Every structure is written in structure tokens, then in C-alpha cells.
1. Give me the one-decimal nm value for the distance between modelled label points at ASP233 and LYS113, 7 Å along each residue's Cα-to-Cβ direction.
2. Show that you can apply the helix-only estimate: for the chain, add -39,500 (n - 2.57) for every DSSP H stretch of four or more residues, divide by all residues, and state [θ] at 222 nm to the nearest 500.
3. Within 14 Å, Cβ to Cβ, of ASP57, how many net charges do the neighbouring residues add up to if Lys/Arg are +1 and Asp/Glu are -1?
4. Just in region 258-287: which trypsin sites (Lys or Arg not before Pro) are loop by DSSP and have at most 16 other Cβ atoms within 10 Å?
5. Picking from ILE91, CYS73, TYR25, whose Cα lies most toward the positive end of the charge dipole for region 1-97 (charges on Cβ: Lys, Arg +1; Asp, Glu -1)?
6. Hey, got the dipole for the chain? About the Cα centre, +1 on K and R Cβ, -1 on D and E Cβ, debye to the nearest 20?
7. May I ask you to evaluate 6.51 cos²θ - 1.76 cosθ + 1.60, the Karplus curve with θ = phi - 60°, for each residue of region 268-274 and list the ³J(HN,Hα) values in order in whole Hz, giving x for glycine and proline?
8. Only four residue types carry charge here, +1 at the Cβ of Lys and Arg and -1 at the Cβ of Asp and Glu. Report the dipole size of region 208-350 about the Cα centre in Debye, rounded to the nearest 20.
Amino acid sequence: MKILAITNEKGGVGKTFLATQLALYCAKQFSIKTAVIDLDSQGNATHMLHKNKLAYDAPFCSLDLLKPEFERCVSLLKSQPMETECPLLLIPAPEQGQDLINHTEQNEADLVKSISYFSQAMDELDDLLDLAIIDTNPNPDMRSTCALFNCTHSIFPIQLLYESLTGVQSLYDRLNKFTSGAPRFDQEHGDLGLLPSMVESTPYQIKAGLELAEKQADLLTPIREAVVTTGPDNTISVTEKECFAAIKRRTVFAEAQGEGHPVWEMPNSDRGWYELKRTFFALLERLDVTFEPHPTPEQEQAFAECKELHPEHYRALVRQLWLSNNFKDLPKLTKSHEHTLALLNMRHNVPLSYLND
Ligand SMILES: Nc1ncnc2c1ncn2[C@@H]1O[C@H](COP(=O)(O)OP(=O)(O)O)[C@@H](O)[C@H]1O
Ligand SMILES: [Mg+2]
């Protein structure tokens, strides 16, 4: 199981938006067994996912995972059948008034215990889930410490504003403090860096974004895309273009959160979703969620046909189809619509790494 900690000491930077929408994307479009663990007692992720029953609730709250009760709670969860249609589990924030732990004033010994309970709980959830996404509260207290100490991957949504960018060092100091030597953290690939969020096309933000891309590209997630062109003699050529993952500020994103819908199901979300899914796909690739490939015979056949048609480029083309949902990205195969669909639906049965074989 991969565990993504979404943290930033600032509020209102898009942590909850990323946690909930990325989880919906993974569960609904890729059938990845995903959980959102809402460690923020404001419960914004919980409220969003409750609106239209987008996830099914664990029979306990997130803070129970930081207490000795975690064992009873997780075994209760394991005794219930897992939802398969949209495999999205919500471990909700405590209800108002039930958040009785004083998170900031915990002593060292209690903090060590909380981290250890949470860690054991993650071990127990390992065979139930492929991916756990932890949404955290803004204050750097023991809840985000538990998340950072126990994650495999970490990401910081950040606004391209002067006061945020000058705080990057302190985000990294905290990350390094808790993840260096942490047992689960993927030391080589676990740092997903900064995710510019709520990006606006103001002169300052454009300049800040360009500077970041130029001087600190290693802190950003690259998005690779295949560009397919068909020549006059029907030959196709595939080139690659690269940009960086970021999320623009868009009214439709705030509306999706407010109304409790995946972005792609909102009316007028085409343009926004077109951009957002590229960022989500790139993050998903970097998370490298592992599960067994189970392609159906039709999917295997469609894949083989694509291999035959495009011996050189079939991986890039299937990857591009998974990224874009656009049948035009698979020239020649589009005639047989069913085959194209089989390749698209393959996302539900095989991990992205299948395309690297
Ligand atoms: N990219 C975006 N464009 C527009 N509104 C956004 C975007 N990301 C988040 N929001 C909205 O901004 C507010 C704060 O975002 P949120 O994800 O809750 O931040 P955080 O969890 O970091 O406090 C919410 O109302 C949310 O719906
Ligand atoms: Mg939040």
C-alpha cells in the first residue's frame, strides 16, 4: 500500500481539494482500492465525500487510529465486505466535540505512542488497500507528524505567493526531520515535492512559476505527454512534450468541492478537467501504486492489436489514451471502437507499470 501525506502548515492552499479529488480519480477511474484518512478535525474532506455518498465510511474515526483502539477498529473494518464498484473508503474526521486529544500539547512519550499506533494501523490496512491519502490540518502538530512519519510519499500543495515560497525551507525541514530513517518512506522517489495550487495568471505568479521551473525543477512533478501526428501517407509519428504538474484556480473546482462531485462530473468542467487529469495522472505514475495485473482476454487482444499496429509506439500511445481518454490518441485503432474501449477499461485491471514492460 502506498501512503500519500498531503501537508502544508498553511490553510486554504488546496490540500483537501487534492486529497478528495485525487482519491476519486484513483478509485473511480482506475479502480484502485483507495482510502482518504481525514486527520483534520475541521472535517472538510469528510463533509465533501459525505455530500453524495462518494465514499463508504469506516465504522470509526481517524483519531481512533492514533489510540490503542486502532486494533479493534481495523478488525471491525476487515470483517465487512469491501465495496468494489467504487472502492473508496473514508476514515472520517471525528464528529464535532469528539476531538478530545489536545494535539499540540502532547508530551513526547504520547506522541511516540500515537505514531506507533498509527503505524501499526497502516500495517493492518495494507492488505485491504492499494493507496491511502492522508489529508491533514494546517498546524504542524502531532497529526501531521504521524502522517509524515508513516507515509511512503509526501506532497506539499503550495500557492505561488511570496510568503508561501519563502516558507519552502521550513516545509522541507519538517519533512526531512520525520522521513529520514522513517521505515516506510520511499527515500528515492517518495518526495513528490511542491504542487503549485490555486495558480492564477497574474504577472507575479507567472514569474514565480517560471522561476521555480527553471531553478528548482527537481521540486516539481513533470508531466510527460505523447503528441501524435498523422502524416499524409498515414504514417504516424509520436513526439513527447513535457510540462509541470500544477492546479489552476478555477470556479468549477470550488463548486465541485462545495457540491460534492468529482470535477469531471460537473457541467462546464471540460477545460478544467482536461488540465487537472494530467496532473493527477502524473502523480499517480509517481506513486507507482502496485497491484496484480488482471487484464481480460478482450483487453489482452486489444493491447496485442495496438502492439501490431504501432510496434514502436504502442506503450506511449496506450499511456496517452489512459491519460487523455481521447480516442484520437490511438490512430488506426479507433475504427474498432470496442477495442479502444477495451484498452481504456484496462486501467481498471492493470497498473500503469504494465506499460513499462
Ligand atoms: N484549484 C482551486 N480552484 C478554486 N478553488 C479551489 C481550488 N482548490 C481548492 N479550492 C477551494 O478553496 C478553498 C480551500 O481549499 P482547501 O482544499 O479546503 O484547502 P486546505 O485543505 O489546504 O485548507 C475550498 O473552498 C476549496 O473548494
Ligand atoms: Mg483542508
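1. It is 7.6 nm.
2. Numbers: 13 runs with 143 residues, N = 357.
Helix contribution divided over all residues of the chain: -12000 deg cm²/dmol.
3. Result for the neighbourhood of ASP57: -2.
4. Nothing satisfies the criteria.
5. Most positive-ward Cα: TYR25.
6. Working: 33 positive and 50 negative charges, 157 e Å.
Dipole size: approximately 760 debye.
7. Each residue's phi maps through the Karplus curve to give 6, 9, 3, 5, x, 5, 3 Hz.
8. Details: 17 positive and 22 negative charges, 63 e Å.
Roughly 300 debye for region 208-350.
No value in this document is a laboratory result; all are computed from the given coordinates. None of the values given here were measured: they were computed from a predicted structure. Heads up, the Cβs are rebuilt from the backbone with ideal geometry, glycines too, and the neighbour counts pull from every protein chain shown.
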